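Participant: I'd like to ask some things about the structure below.
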Amino acid sequence: MKNIYRPFEATVEDIIVETPAIKTFVIRPKESFVFKTGQFIELTLPGMGEAPFTPSSDPGIKDRFEVTVMNAGRVTFLLHELPKKYSLGVRGPYGKGYPLESFTGKDILIVGGGVGLAPLRSLLFSLFSEINKYNKVVLRYGARSPDDIVYRSAIPEWSKIDKVDIVLTVDAPAPGWKGNVGVVTTILNDLPVDLKNSAVIVCGPPVMMKFATMKLLGLGFPPENIYLSMEKNMSCGLGKCGHCRIGKFYICKDGPVFTYAELKDIYDIWD
Amino acid sequence: MDNFYYLESARINELLTRLKKDYNVFSPGLKEPNFTKGTDYSYRNLSDNQQFVFNPYRVIEPLKSFLTPFMENAAAYFNPGKDTIDLGKTIVFGAKNCDITSLKIQDFVFMEGVEVDYSYRMKREDTLLVSGDCIDYKEVCFCLALDVLPYPTMGFDLNLSPVSDGYLVEAGSEKGKALIEKFREYFSEAKDTQVWARKTKREDIVNRLKRHLLAQNIPPKESLQRLVKDGYNLDTWKEFMLTCVECGGCNFICNTCHCFLLADTSDDNKNKRLKLWDSCQYANYSRAAGGANPLKARYQRLRFRFTKKFDFFMENLGMPACCGCGRCIEVCPGKIDLREVWKDLQNKLKAKQ
Ligand SMILES: Cc1cc2nc3c(=O)[nH]c(=O)nc-3n(C[C@H](O)[C@H](O)[C@H](O)COP(=O)(O)OP(=O)(O)OC[C@H]3O[C@@H](n4cnc5c(N)ncnc54)[C@H](O)[C@@H]3O)c2cc1C
Ligand code: SF4
Ligand code: SF4
Ligand code: FES
């Protein structure tokens, strides 16, 4: 019988520096590993610790996957110090991910902030690979400064795809920045999407998620069409350790993606 | 009468000696008398010359300790050689119905859901539970208020009910029956009068507990979920947390609390993952990256403990994660009593109406 706390082995094949604080790790698992977009994994630094991350790569690629990690504390700091070829551990995939089947035929609006673009990139790749199933894909993304924009060089390529519409914003501009300045809610006016036939996906830091959700509700998006990627302290990733509870849910096993309708009666979800 | 047997007191120590050859046997012993707390019992790994003791009420430690120990080697990984887990067969005497009932919570957590914790399941399968009727209670006991009877009706392998000069033994599972078959010479057929005696004694303890609870004025079981939900924003939490010293005792001693933390270490270049009990009363319990912490304040953590027990588990399992054993009341250096928290919520909600 399988030991659910035991990771399987994987190797770091490449490391891409995205921003001063964010790196993408290309990981080749030694066992077969498939995930659905929006599901997460627990990544082990052998003997050192474990932390949850959402793969940022195309789920269609089967022999390797990528995670994009912000240096935010003990384990993520150690990850950022790693050399290539290093051996890591992986558990998962865990959680439910995005319900792509219910996005068919809709306008897809994606609202992201900071490193929140990591899981959203995996979603974008999934959508791009079957773009004919959706009316359009609209991305609204905010970062602190132009240097903090993740996947900055890839974004212009995405914009060229038919039916894809992207607007970026930064809190603090730098010389040469021609885009919007302001928090992400400032680029949520005049959205080219059909309120009644859309799916909205929000992922980013808690404050950004809170204000973006309030704004979207104000614009008239129905709570059951707003999908939120929730984040809490996690240990086990599979509904046993208790840490990630909000209300009657465990974020790890019942989420991490929830509709706002599911969460709206729970106190303090943004804390 | 199929499942009923009689075991003579005079022969129980001999039986235990036999059992110890094949099993790890744990059975309650008397703790050193403590005049402030009264007489207490505690599990011990029975050694050769120790006599069997029938505990009149629950022991100090939670039964979960045998199934999900406070520190466990959850996994060894990427090490040369084979990682083995060595588990022996165990018999635990002395569990009461509060203990047995709360294993429903542990079973739900570790054996259901998306995946099974196989270490828990193996321990569960390899542990025989020999429970017993309560013949007395502690001041802090309030099982009946939560519809938990002072004797088990299911979930045990064997149950002992004291009758004159011995025990009426009920087999509650195939495992229990098999044990009796294996040691058949110690067990005789139960007589109708013995089964009758058990019935009378059970009625008697229930009546005594009812009188005991009368004075406690505990809000009805059915209202507890509503109290913690509707009382979410009341001052109760802030008032009661004032004496909490964040020791975690209330969680660790509770037979339903199951939270744990995985921690990685490496000794002698061997990678290990430890599974350690965790407490939602600890400041770091929900701290996430960058210092964000949704349960920053003690009152939020006290409330979290209650919403987990009386809302989360009602929603997900249809029962509260409390069996009325009173252990958390007894252990708390801050004298935080969950019965008083309920009453305060009830009073404040009434006053608001
Ligand atoms: C579902 C999910 C998906 C995520 N996806 C991503 C992603 O794609 N990209 C990304 O950058 N981030 C992601 N995160 C956030 C990421 O998991 C955190 O940044 C990471 O856990 C931080 O770990 P740390 O050790 O670096 O931070 P720290 O702040 O050092 O620690 C974080 C937590 O671990 C605990 N902890 C620290 N050290 C120990 C120890 N020795 N023993 C026990 N506990 C300890 C702390 O108490 C704290 O609760 C995701 C989080 C979740 C829940
Ligand atoms: S909450 Fe307290 S009274 Fe209830 S089962 Fe746990 S320790 Fe016993
Ligand atoms: S036992 Fe009492 S003091 Fe200790 S953490 Fe629990 S409530 Fe706080
Ligand atoms: S991370 Fe352990 S229960 Fe969700």
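Participant: Can you give me the number of residues within the stretch B:228-272 that are open to solvent by 60 Å² or more (accessible area, probe 1.4 Å) and more than 12 Å from chain A (Cβ to nearest Cβ)?
Facilitator: Total satisfying the criteria: 8.
Participant: If you don't mind, there's one more thing I want to ask. Name the pairs whose Cβ atoms lie under 6 Å apart, with the first residue in the stretch B:323-341 and in a loop (DSSP other than H, G, I, E, B), the second among the hydroxyl-bearing types (Ser, Thr, Tyr) and within 8 Å of ligand 3 (Cβ to nearest atom), and 6 or more positions between them or separate chains?
Facilitator: Cβ pairs passing all conditions: B:Gly334/B:Thr243.
Participant: With respect to A:Arg91, determine if the residue is over 28 Å from A:Ile166 (Cα atoms), at pLDDT 95 or above and out of contact with any Phe, Trp or Tyr (no Cβ under 6 Å at 6 or more places or on another chain). Quick ask: steps written out before the conclusion?
Facilitator: On the way: over 28 Å from A:Ile166 (Cα atoms): yes; at pLDDT 95 or above: yes; out of contact with any Phe, Trp or Tyr (no Cβ under 6 Å at 6 or more places or on another chain): yes.
Yes; evaluated as a whole, the condition is true for this residue.
Participant: State the number of residues belonging to the stretch A:1-15 that are open to solvent by less than 10 Å² (accessible area, probe 1.4 Å) and more than 11 Å from chain B (Cβ to nearest Cβ).
Facilitator: Of all residues in the stretch A:1-15, those open to solvent by less than 10 Å² (accessible area, probe 1.4 Å) come to A:4-5, A:7, A:10, A:12.
Applying the additional criterion that residues be more than 11 Å from chain B (Cβ to nearest Cβ) yields A:12.
Result for the stretch A:1-15: 1.
Participant: Let me ask something else about it. Based on what the data block shows, is B:Gln225 within 16 Å of ligand 2 (Cβ to nearest atom), open to solvent by less than 60 Å² (accessible area, probe 1.4 Å), within 24 Å of the chain's Cα centre (by Cα) and free of Cβ contacts under 8 Å to residues at least 60 places away in the same chain?
Facilitator: On the way: within 16 Å of ligand 2 (Cβ to nearest atom): yes; open to solvent by less than 60 Å² (accessible area, probe 1.4 Å): yes; within 24 Å of the chain's Cα centre (by Cα): yes; free of Cβ contacts under 8 Å to residues at least 60 places away in the same chain: no.
Criteria not met by B:Gln225.
Participant: To continue, here is another question. Pull up the stretch A:255-271, narrow it to residues that are touching an Asp or Glu at 6+ places or on another chain (Cβ under 9 Å) and without any contact (Cβ under 8 Å) to a residue 40 or more places away in the chain, then point me to the one that is surrounded by the fewest Cβ atoms within 10 Å (Cβ to Cβ).
Facilitator: A:Ala261
Participant: Looking at the stretch A:219-234 only, could you name the residues that are in contact (Cβ under 8 Å) with a residue 12 or more places away in the chain and within 15 Å of ligand 1 (Cβ to nearest atom)?
Facilitator: Matches in the stretch A:219-234: A:Tyr227, A:Leu228, A:Ser229, A:Met230, A:Glu231, A:Lys232, A:Met234.
Participant: Here's something else I'd like to know. Which residue is nearest to B:Leu234 (Cα to Cα), if the candidates are limited to the stretch B:304-326 and must be more than 13 Å from every other protein chain (Cβ to nearest Cβ) and within 7 Å of ligand 2 (Cβ to nearest atom)?
Facilitator: Checked the stretch B:304-326; the qualifying residue nearest to B:Leu234 (Cα to Cα) is B:Cys322.
Participant: Every residue in the stretch A:235-247 that is more than 7 Å from every other protein chain (Cβ to nearest Cβ) and small (Gly, Ala, Ser), please.
Facilitator: First, pick out the residues of the stretch A:235-247 that are more than 7 Å from every other protein chain (Cβ to nearest Cβ): A:237, A:244, A:246-247.
Residues satisfying the conditions are A:Gly237, A:Gly247.
Participant: Residue under question is B:Gly318, and the condition is that it be in contact (Cβ under 8 Å) with a residue 60 or more places away in the chain, over 26 Å from B:Ser119 (Cβ atoms) and more than 16 Å from ligand 3 (Cβ to nearest atom); does it hold? Steps first, answer last, please.
Facilitator: Details: in contact (Cβ under 8 Å) with a residue 60 or more places away in the chain: no; over 26 Å from B:Ser119 (Cβ atoms): yes; more than 16 Å from ligand 3 (Cβ to nearest atom): yes.
For B:Gly318, the condition - in contact (Cβ under 8 Å) with a residue 60 or more places away in the chain, over 26 Å from B:Ser119 (Cβ atoms) and more than 16 Å from ligand 3 (Cβ to nearest atom) - is not met.
Participant: Select from the stretch A:186-207 the residues that are open to solvent by 30 Å² or more (accessible area, probe 1.4 Å) and under 20 Å from the mean Cα position of the chain (by Cα) and write down the one among them that is farthest from ligand 4 (Cβ to nearest atom).
Facilitator: Going through the qualifying residues, I end up with A:Val207.
Participant: Can B:Gly166 be described as touching a helix residue (DSSP H, G or I) at 6+ places or on another chain (Cβ under 8 Å) and over 11 Å from B:Tyr5 (Cβ atoms)?
Facilitator: Values: touching a helix residue (DSSP H, G or I) at 6+ places or on another chain (Cβ under 8 Å): yes; over 11 Å from B:Tyr5 (Cβ atoms): no.
Taking the combined requirement at face value, the residue does not satisfy it.
Participant: Now, a different point. Within the stretch B:105-158, can you find the residues that are farther than 30 Å from B:Gly88 by Cβ and among the aliphatic types (A, V, I, L, M)?
Facilitator: Listed by number, the residues that qualify are B:Ile135, B:Val140, B:Leu144, B:Ala145, B:Leu146, B:Val148, B:Leu149.
Participant: Any chance the stretch B:277-300 includes a residue that's away from every other protein chain (no Cβ under 11 Å) and either part of a helix (DSSP H, G or I) or on the phi > 0 side of the Ramachandran plot (or both)?
Facilitator: Looking for residues that are away from every other protein chain (no Cβ under 11 Å) and either part of a helix (DSSP H, G or I) or on the phi > 0 side of the Ramachandran plot (or both), one finds at least one in the stretch B:277-300, hence yes.
Residues are listed down the side, and each one gets a yes or a no for (1) more than 13 Å from every other protein chain (Cβ to nearest Cβ); (2) under 19 Å from B:Pro294 (Cα atoms):
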residue: A:Trp177; (1), (2): yes, no
residue: A:Asn189; (1), (2): yes, no
residue: A:Ile201; (1), (2): yes, no
residue: A:Phe249; (1), (2): no, yes
residue: A:Tyr260; (1), (2): yes, yes
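Participant: Can you find a residue that is touching a Ser or Thr at 6+ places or on another chain (Cβ under 8 Å) and more than 28 Å from A:Pro156 (Cβ to Cβ) anywhere in the stretch A:71-86?
Facilitator: Going through the stretch A:71-86, the residues touching a Ser or Thr at 6+ places or on another chain (Cβ under 8 Å) turn out to be A:85-86.
Retained after the next criterion (residues that are more than 28 Å from A:Pro156 (Cβ to Cβ)): A:85-86.
Checking the stretch A:71-86: at least one residue is touching a Ser or Thr at 6+ places or on another chain (Cβ under 8 Å) and more than 28 Å from A:Pro156 (Cβ to Cβ).
Participant: Of all the residues that make up the stretch A:17-73, how many are open to solvent by 50 Å² or more (accessible area, probe 1.4 Å) and free of Cβ contacts under 8 Å to residues at least 40 places away in the same chain?
Facilitator: So the count comes out to 9.
The values are calculated or read from the model by the stated rules, or taken from the named source; none is laboratory data. As the structure is a computational prediction, the values presented were derived from the model and not from experiment. So basically every Cβ, Gly included, is an ideal-geometry build from the backbone, and we count neighbours across all protein chains shown. Ligands, DNA and RNA are stripped out before the accessible areas are found, and what is left, the full protein with its side chains, is counted by its heavy atoms. Shrake-Rupley method; radii C 1.70, N 1.55, O 1.52, S 1.80 Å.
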